Ligand code: GDP
Ligand code: K
Ligand code: MG
């Protein structure tokens, strides 16, 4: 049975959306040894499982609560990620989105709280965002149940009909990029990983993700990753962060439009 995982920053409306998308749910505790509950349900009128996870700002966990998201990606094997965002705070929200898009599992973005954005004079052209981010986006107002039925249909369609989009590949600064590419190639060849997962893992490892460091240790990947020529690259984390932020700013600038009284008015 297919599984959809809800992931996003705290307070973006994940649980509200989860409640609107599902018709029955249960709490499942103590999952992979983490004491935080995750909430599981089934997508209305389907047998597709939906999982609500604690909100995070990045996949690099600081607390145990925050590690649930990345543990779920590593071990939960979701078929589709529903990335719930606050449409008025995309610049910050898309930092997590990039980490999810790099992971390689298909992503649909809910631009939730679209009612708040509609009260400003800014709107976004969804086809432009979709093209730049390599994924579908849907505007929703989970509190007023607007856009939720369409989102549900999109989730079903992308699990049953549509070919999955390729993972997002942001090109990082030259030395960092060369290092990532080289280590990811070796990981894929020597450890049977998909190229997308190998690339994602390398980036997360170099970005000091402690969960991924432990994963690399457990799977004996550390020597390979630490032998990469960029291992001592100065300010690796800074370069990754800055490149992602520039990508987000360019993406939002390309998609930004002046709001008119009629645009998206039904939401
Ligand atoms: P979570 O932390 O991501 O699970 O977020 P919640 O589902 O708990 O929602 C946080 C708050 O945002 C609650 O007060 C919700 O009622 C509110 N909320 C959720 N979706 C929307 C929306 O689309 N528009 C508005 N205005 N508020 C929303
Ligand atoms: K909350
Ligand atoms: Mg919640």
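Would you call residue 19 surrounded by fewer than 18 Cβ atoms within 10 Å (Cβ to Cβ), at pLDDT 95 or above and within 9 Å of ligand 1 (Cβ to nearest atom)? No. Within the range 97-123, the residues that satisfy the criterion of being farther than 15 Å from residue 165 by Cβ and buried (at least 22 other Cβ atoms within 10 Å of the Cβ) are 99, 110, 111, 112, 113, 114, 117.
Where helices (runs of 4 or more DSSP H) fall entirely within the range 29-142, those with at least 2 residues that are modelled with pLDDT of 95 or more and within 17 Å of residue 204 (Cβ to Cβ) are at 90-103.
The condition of being surrounded by fewer than 20 Cβ atoms within 10 Å (Cβ to Cβ) and assigned to a helix (DSSP H, G or I) holds for only one of 155, 159, 151, that being 159.
Filtering the range 190-206 to residues that are touching a residue at least 40 places away in the same chain (Cβ under 8 Å) and surrounded by 17 or more Cβ atoms within 10 Å (Cβ to Cβ) leaves 196, 197, 199, 200, 203, 204. Beta carbons closer than 6 Å, at least 6 apart along the sequence or on distinct chains, pair a first residue in the range 115-144 that is on the phi > 0 side of the Ramachandran plot with a second that is outside any helix (DSSP H, G or I) for 134/165; 134/168. Assess whether residue 185 counts as being surrounded by fewer than 20 Cβ atoms within 10 Å (Cβ to Cβ) and free of Cβ contacts under 8 Å to residues at least 40 places away in the same chain. The answer is yes for residue 185. The residue pairs whose first member lies in the range 1-23 and is touching a residue at least 60 places away in the same chain (Cβ under 8 Å), whose second member is near ligand 3 (Cβ under 9 Å from one of its atoms) and in a helix (DSSP H, G or I), and whose beta carbons are closer than 6 Å, counting only pairs six or more residues apart or on different chains, are 6/14; 6/18; 8/14.
The values are calculated or read from the model by the stated rules, or taken from the named source; none is laboratory data. Given the structure is predicted, the values throughout are model-derived calculations rather than measurements. Neighbour counts are summed over all protein chains in view; Cβ atoms, including those assigned to glycine, are modelled from backbone coordinates with ideal geometry.
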